[in-house]
Amino acid sequence: MKYSHCVWFIVVSILVSSCASTKKPSQKHAGSIHSYDLSEEGVIKRLSKSIRHETVSLEDTSEINYKAYEDFIDFLEVEYPSIHDNIERERIGQYSLLYKWEGSNSGLKPAMMIGHYDVVPVKYGDDTLWQYPPFSGEVEDGFVWGRGALDDKSGVMSTMEALEYLTEQGFQPERTFYIALHHDEEVGGVRGAQQIAEHLKEQDIELAYLVDEGLPIAEEILENVEVPLAMIGVASKGSINIELRYTQDGGHSSMPTRSSVIGTLSRAVNRIERKPMKASYRGLIVDTFEPLIPYMTYTQRLAFNNTWLFRGIIKSKLSKNPATNAALRTTAAKTIFEAGFKENVLPVEGRVIINFRIHPNDNVEDVVAYVRDRINNDNIEVRVLDRARNPSPVSSTGAAPYQMLKKTIEESFSQVLVSPSLFIAASDARHFHDLTSNIYRFRPIRARHEDRSRVHGIDERISVDNYMEMIEFQIRLIKNGASEL
């Protein structure tokens, strides 16, 4: 075929595949489907109270106020009497709770739902920047405010509300349910989730599926695309902290050397920032955006329907948004830089810590090799810190538990699209891969771009309406998963 004919064939192919009319959602925000008689005043009051318990996790366990943990556990017993009358509970790792709701059919593998009630601290002085005090649980302007409102007390409390409702109604699942509430997820989960997983393994428990905190219902995930997208995390990134350490002779600042500790480490960091690890628009991320294509603008559909031609443009566009960039590649966050102790003394030693979140296309060894290659300086020591881990396995979207979860989302939220995705953070689910291959990370929290900074940040909050939706979702999830799938 002649060159001009090839070009014409490509153009026609693009036009044919891309010119269908852009679909529009019939309303800007998809609504929830209400089916259960819940007392909004009561459930919001309990969520507010839960936030007032300052269950803060710290790396140095000797500094943790464990009385807040004990008080929170006591609070659950008081507020949810039906759960504690009908469901077996044990404490593991001292402060994590494992509930076992015995099913009527021992032939069904049990299911598991997990969450964590510990929260990250509020940096000293930042509390003054909050609209409402971070541990007040204030209910104002249609929101519940406070640390943990998003991560993850709304997840824990909505699960407890669902269990209380169902046990009060006399609901009896055929399938056994394990519900785990962990106390140290924010510092790795080794005393909570890891010990619970080991406890279940010792009993030879094999789970049908596990649902953990994870991805939200994203609103306007792409520019000009209004339809909400519920993303189910079927895999999570790995993580590695790499320390770069450099030493040289010090001296007085009046006679500085040509190169310095700070300059050398800064150049190394700059080389990593200028050329991040390779992005990929293949596999899981393609599946994530596929349901959105009919709702895109003409230009967007032109590109996403023809990735063979526009893959590079798509990667470039998505790389400019921190959230979508993180789904494309292994990311590098420079989190600690230490050097020097006095303004007129040249530092002898310095270090940088870089936190990499590892894409499933890469592994720990790939990241270490990339760092050594990029900094290109044998005098800089490269050290892998504790708790490095590779990305998780990818759970099947064809499995019955995934389809059940997808159905539950569609039953709970009108006009919400559902797709599998990569969970770019870490959660306690990573401790349970020996118990099931069906691990899904999802919380039905409505999130917009401006909400990203609230998680672990200032003015964390959840809307009253969204929290009510979460409870109804949890009720449906339990009921839909309680029998043969």
* Does at least one position in segment 323-332 carry a residue that is open to solvent by 70 Å² or more (accessible area, probe 1.4 Å) and either in contact (Cβ under 8 Å) with a residue 60 or more places away in the chain or closer than 26 Å to L284 by Cβ (or both)? -> no
* Asked: Tell me, which residue of segment 333-369 that is modelled with pLDDT of 95 or more and aromatic (F, W, Y) is least open to solvent (accessible area, probe 1.4 Å)?
  -> F356
* Across segment 336-354, what is the number of residues that are under 22 Å from E243 (Cβ atoms) and touching a residue at least 24 places away in the same chain (Cβ under 8 Å)? -> 12
* To do: Check segment 226-234 and report whether any residue there is surrounded by 19 or more Cβ atoms within 10 Å (Cβ to Cβ), touching a Gly at 6+ places or on another chain (Cβ under 7 Å) and not in a helix (DSSP H, G or I).
  => yes
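Residue-by-condition table, conditions (1) in contact with an Asp or Glu (Cβ under 8 Å, 6 or more places away or on another chain); (2) modelled with pLDDT of 95 or more; (3) closer than 25 Å to I87 by Cα:
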site	(1), (2), (3)
D126	no, no, no
G146	yes, yes, no
D152	yes, yes, yes
Q169	no, yes, yes
T176	yes, yes, yes
G188	no, no, no
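Table: residues versus (1) in contact with a Pro (Cβ under 9 Å, 6 or more places away or on another chain); (2) part of a loop (DSSP other than H, G, I, E, B); (3) under 24 Å from L222 (Cα atoms).
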| position | (1), (2), (3) |
| --- | --- |
| I313 | no, no, yes |
| A332 | yes, no, yes |
| F341 | yes, yes, no |
| N355 | no, no, no |
| V367 | no, no, no |
| D378 | no, yes, no |
| E410 | no, no, yes |
* Do we have any residue at all in segment 123-133 that's within 22 Å of the chain's Cα centre (by Cα) and surrounded by fewer than 24 Cβ atoms within 10 Å (Cβ to Cβ)? -> yes
* When the residues of segment 134-145 are filtered to those that are open to solvent by 60 Å² or more (accessible area, probe 1.4 Å) and in a strand (DSSP E or B), which remaining residue is nearest to G192 (Cα to Cα)? -> V139
* Meets criteria (polar (S, T, N, Q) and not in a loop (DSSP other than H, G, I, E, B)) for T397 -> no
* **Which listed residue is part of a helix (DSSP H, G or I) and either hydrophobic (A, V, I, L, M, F, W, C) or closer than 14 Å to A218 by Cα (or both), from I462, I471, I458** => I471
* Asked: Just for segment 425-461: of the residues that are modelled with pLDDT under 95 and among the hydrophobic types (A, V, I, L, M, F, W, C), which one is most open to solvent (accessible area, probe 1.4 Å)?
  -> V455
* **Selected residue (only one of I217, I240, I232, I221 is under 26 Å from N355 (Cα atoms), modelled with pLDDT of 90 or more and within 16 Å of the chain's Cα centre (by Cα))** => I232
* Given R443, R383, which one is more than 18 Å from the chain's Cα centre (by Cα) and either in a strand (DSSP E or B) or hydrophobic (A, V, I, L, M, F, W, C) (or both)? -> R383
* To do: Residue by residue through segment 160-174, note down the ones that are open to solvent by 10 Å² or more (accessible area, probe 1.4 Å), within 22 Å of Q203 (Cβ to Cβ) and touching a helix residue (DSSP H, G or I) at 6+ places or on another chain (Cβ under 7 Å).
  => none
* State yes or no: is G398 open to solvent by 20 Å² or more (accessible area, probe 1.4 Å) and free of Cβ contacts under 8 Å to residues at least 40 places away in the same chain? => yes
* Go through P360, P393 for me and flag whichever is in contact with a helix residue (DSSP H, G or I) (Cβ under 8 Å, 6 or more places away or on another chain) and either among the hydroxyl-bearing types (S, T, Y) or in contact (Cβ under 8 Å) with a residue 24 or more places away in the chain (or both). => P360
* Considering segment 77-101 alone, what residues qualify as being open to solvent by 20 Å² or more (accessible area, probe 1.4 Å) and aromatic (F, W, Y)? -> Y95
* To do: Can you work out which of the residues in segment 290-322 that are among the aliphatic types (A, V, I, L, M) and without any contact (Cβ under 8 Å) to a residue 60 or more places away in the chain is most open to solvent (accessible area, probe 1.4 Å)?
  => I313
* Tell me, yes or no, whether segment 61-76 has at least one residue that is assigned to a helix (DSSP H, G or I), touching a helix residue (DSSP H, G or I) at 6+ places or on another chain (Cβ under 7 Å), buried (at least 18 other Cβ atoms within 10 Å of the Cβ) and at pLDDT below 95. => no
* Could you look through segment 111-122, keep only residues that are in a loop (DSSP other than H, G, I, E, B) and not aromatic (F, W, Y), and pick out the one that is least open to solvent (accessible area, probe 1.4 Å)? => D118
* Which listed residue, of S254, S280, is under 30 Å from N344 (Cα atoms) and in a loop (DSSP other than H, G, I, E, B) -> S254
* **Verdict on S48 being in contact with a Ser or Thr (Cβ under 9 Å, 6 or more places away or on another chain), surrounded by 17 or more Cβ atoms within 10 Å (Cβ to Cβ) and within 25 Å of D127 (Cβ to Cβ)** => yes
* Contacts under 6 angstrom Cβ, first residue in segment 161-182 being farther than 21 Å from S427 by Cβ, partner of a type in the set (F, W, Y), 6 or more apart -> E164/Y80
* **Condition check for R476: in contact with a strand residue (DSSP E or B) (Cβ under 8 Å, 6 or more places away or on another chain), of a type in the set (D, E, K, R) and outside any loop (DSSP other than H, G, I, E, B)** => no
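The values are calculated or read from the model by the stated rules, or taken from the named source; none is laboratory data. Only a predicted model underlies this, so the values are computations on that prediction, with no experimental measurement involved. Glycine also receives a Cβ, built like all others from the backbone with ideal geometry; neighbour counts cover every protein chain displayed. In case anyone asks, the SASA skips ligands and DNA or RNA and just uses the protein heavy atoms, side chains included. Shrake-Rupley method; radii C 1.70, N 1.55, O 1.52, S 1.80 Å.
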